[in-house]
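The structure appears right after this line, and notes come after that.
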Amino acid sequence: MTGKAAYYITTPIYYVNDSPHIGHAYTSLACDVLARFMRLDGREVFFLTGTDEHGQKVEKSAAAAGRDPKEFVDEVSERFRALTELMNYSNDDFIRTTEERHIRSCQELWRRIAANKSPKGRDNIYLDTYGGWYSVRDEAFYGEGELIKGADGEKMAPSGAPVEWVEEPSYFFRLEDWRERLLEYYSGGAVAPVSRHNEVESFVKGELFDLSISRTSFSWGIPVPGDDAHIMYVWLDALTNYITAAGFPDERAENWDYWPADLHVIGKDIVRFHAVYWPAFLMSAGIPLPKRVYGHGFLNVEGAKMSKSLGNVLSPKDMVDEFGLDQLRYFLLREVPFGNDGSFSREQIINRINSDLANDLGNLAQRVLSMISKNCDAKIPDPGDEGPDSGLAVYSALSGAQALRDKLRAHAERQAFHDILEEVWKVIREANRCVDEDAPWALRKTDPAKMATVLYVLAETIRHVAILLQPFMPDSCGRMLDQLSVAEDARTFDDLASPLVPGMDLPKPEGVFPRFVEEEA
């Protein structure tokens, strides 16, 4: 590490029983934006994603496909790796739970948990017989009181997944003994947003049962140390990936400096595993806890949850091909407040592209850069002596842009992506208003020096906006900064304080955000 403040962010590792859809892209995009934001803001970032490849569901999916489980997961995992490239994610590592480094990590975690006592002085792990309801689809155990009735009266998991009664020898983890420690952990704001905090706290305050953490009825998993007849519960296996990638069990590894993770970003359906079981496992092993777990809501399509049966599962590649990569990245984090459930439609995507990107930001940059090219010999204009007290409207846009960094930091710390974008768009809208008010095209004849001031201040405002929007739209903002002749090594948040140099040659301006037009139109 370089000595900069560390920032470790993780996606959930995705289950490899099927191909990735736009929901997977949404979660990883949020992490990518935060990772890029923190890097630009001077942090030393470690950004992890990957795939969860063990468990009964994978074993059954592989069998149904007539494939060996390892061959099956190798193929599906590559689809998730391809998603990171398609969506231009900046992850530093891609972990697979079938890797040797992960198997070693999981078995050492088990040994440390087993070697320690619970807060009540009892063994953390003990052998008994499990009898209870298990959902293969969720890879989760449920108490009788958690089950719901299906349409035909059958027992189902709270998620709507079918459950089956399982009886087999199992190792158990004394979850109930860690109740008070967990509640103390939550009191520090470790789970967000508030709705997820309340859900988790309520669950832990309720009747906690010891957790079955091994299985003997199938074999696709990591063997329990010292007892090969058992494999580890898939969630104990999967969750451990976060410390595996940080170097565990070698706590002298360079990446161990990143632990504890600053942020686990997950879907709301797996909050219990990350905010109850995971910290309890870590506490029992004597390992520091993640600082924050954020459970976001679901993206629905025109009001309906994505499902194969409805035929509305959206392919990220199809959406990128149709709308553009940065346009899709922008839309996904602009339309719905992160943390809430939300619905979107094709019409909403097109409206955001045309209104926000083409009309607001794209039009601002194109107008200003075209006027500079035409009226200032294609060079950064000289602002002259006209200052903020000159009465020129454009200075209000620039002052707003200069105040953005601190505002955006605060929103980033609470994962409020829509608020980050709204703050930037306030400046963009103000800059467009100022162009109309100061009318540099009219000043060209009456006061060329003042025109140069107006265009310089607008160009400087665009520079701020483009630098700050890089986490969301890295390629498009990079092209915008290219057109301002901003060097590639001068695009961090610290570089916001270094204004454009008058007289710099500018390339011919080109539109960055074209309007979206339906093909049939």
Inset, instruction - Looking only at region 32-42, count how many residues are of a type in the set (Val, Ile, Thr) and open to solvent by 10 Å² or more (accessible area, probe 1.4 Å). - result: 0
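Out of the residues in region 467-486 that are in a helix (DSSP H, G or I) and open to solvent by 30 Å² or more (accessible area, probe 1.4 Å), state the one that is farthest from Val33 (Cα to Cα).
Asp482
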Legend entry - Lone unmet requirement of (1) open to solvent by 50 Å² or more (accessible area, probe 1.4 Å); (2) free of Cβ contacts under 8 Å to residues at least 60 places away in the same chain; (3) more than 18 Å from Asp52 (Cβ to Cβ); (4) touching a strand residue (DSSP E or B) at 6+ places or on another chain (Cβ under 9 Å) for Trp133: (1)
Legend entry - Residue among Val368, Val336, Val320, Val301 that is surrounded by 21 or more Cβ atoms within 10 Å (Cβ to Cβ), hydrophobic (A, V, I, L, M, F, W, C) and under 20 Å from the mean Cα position of the chain (by Cα): Val336
Inset, instruction - Give the residue that is surrounded by the most Cβ atoms within 10 Å (Cβ to Cβ), with candidates limited to residues of region 1-31 that are among the aromatic types (Phe, Trp, Tyr) and within 18 Å of Leu263 (Cα to Cα). - result: Tyr8
Legend entry - Pair list, Cβ < 6 Å and 6+ apart or interchain, from region 30-41 residues that are in contact (Cβ under 8 Å) with a residue 24 or more places away in the chain to residues that are open to solvent by 30 Å² or more (accessible area, probe 1.4 Å): Leu40/Thr492
Inset, instruction - Answer yes if at least one residue in region 59-76 is among the small types (Gly, Ala, Ser) and within 23 Å of Ala412 (Cβ to Cβ), and no otherwise. - result: no
Inset, instruction - Please work out which one of (1) assigned to a loop (DSSP other than H, G, I, E, B); (2) closer than 18 Å to Tyr242 by Cα is the condition Thr27 fails and give its number. - result: (1)
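If you take the residues of region 43-99 that are assigned to a helix (DSSP H, G or I) and closer than 15 Å to Leu29 by Cα, which of them is most open to solvent (accessible area, probe 1.4 Å)? Full working, then the answer.
At the first step, the residues of region 43-99 found to be assigned to a helix (DSSP H, G or I) are 56-64, 69-86.
Subset that is closer than 15 Å to Leu29 by Cα: 80-86.
Details: Phe80: 5, Arg81: 76, Ala82: 49, Leu83: 10, Thr84: 17, Glu85: 137, Leu86: 51 Å².
Here the residue is Glu85.
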Inset, instruction - Mind listing just one residue for me: the one in region 413-429 that is open to solvent by 50 Å² or more (accessible area, probe 1.4 Å) and part of a helix (DSSP H, G or I) and, of those, farthest from Pro193 (Cα to Cα)? - result: Arg429
Inset, instruction - Select from region 160-188 the residues that are assigned to a loop (DSSP other than H, G, I, E, B) and either modelled with pLDDT under 95 or in contact with a strand residue (DSSP E or B) (Cβ under 8 Å, 6 or more places away or on another chain) (or both) and list them in ascending order. - result: Gly160, Ala161, Val163, Arg174, Gly188
Inset, instruction - Output the residues belonging to region 143-190 that are surrounded by 13 or more Cβ atoms within 10 Å (Cβ to Cβ) and more than 18 Å from Trp133 (Cα to Cα). - result: Arg174, Glu176, Asp177, Trp178, Arg179, Arg181, Leu182, Leu183, Tyr185, Tyr186, Ala190
Inset, instruction - Under 8 Å between Cβ atoms, at least 6 apart or on separate chains: pull out the pairs that start in region 1-14 with a residue that is over 29 Å from Leu236 (Cα atoms) and end on any residue that is modelled with pLDDT of 95 or more and assigned to a loop (DSSP other than H, G, I, E, B). - result: Lys4/Gly42; Lys4/Arg43; Ala5/Gly42; Ala5/Arg43
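Regarding Leu398, is this residue closer than 19 Å to Ala30 by Cα and in a helix (DSSP H, G or I)?
no
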Inset, instruction - Determine if region 392-412 includes at least one residue that is among the charged types (D, E, K, R), modelled with pLDDT of 95 or more and surrounded by 15 or more Cβ atoms within 10 Å (Cβ to Cβ). - result: yes
Legend entry - Identity of the residue in region 228-248, within 22 Å of the chain's Cα centre (by Cα) and of a type in the set (Ser, Thr, Tyr), that ends up nearest to Phe173 (Cα to Cα): Thr240
Inset, instruction - Assess whether Arg272 counts as being in contact with a Gly (Cβ under 8 Å, 6 or more places away or on another chain), open to solvent by 10 Å² or more (accessible area, probe 1.4 Å) and farther than 22 Å from Ala115 by Cβ. - result: no
Inset, instruction - Only residues that are in a helix (DSSP H, G or I), out of contact with any Leu (no Cβ under 6 Å at 6 or more places or on another chain) and under 19 Å from Arg429 (Cβ atoms): list them for region 372-395, please. - result: Tyr395
Inset, instruction - Could you tell me which residue of region 315-349 is farthest from Asp18 (Cα to Cα), considering only residues that are among the charged types (D, E, K, R) and part of a loop (DSSP other than H, G, I, E, B)? - result: Glu335
Inset, instruction - Could you please find all residues in region 102-151 being of a type in the set (Gly, Ala, Ser), more than 26 Å from Asp250 (Cα to Cα) and assigned to a loop (DSSP other than H, G, I, E, B)? - result: Gly121, Gly143, Gly150, Ala151
Inset, instruction - State whether one or more residues within region 487-502 are outside any helix (DSSP H, G or I), in contact (Cβ under 8 Å) with a residue 40 or more places away in the chain and of a type in the set (Phe, Trp, Tyr). - result: yes
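The values are calculated or read from the model by the stated rules, or taken from the named source; none is laboratory data. Everything numeric here is computed off the predicted structure, so don't read it as measured data. No Cβ is skipped: glycine too gets one built from the backbone with ideal geometry, and neighbour counts run over all protein chains shown. Side chains are part of the model used for accessible areas, which takes the heavy atoms of the whole protein and leaves out ligands, DNA and RNA. Shrake-Rupley method; radii C 1.70, N 1.55, O 1.52, S 1.80 Å.
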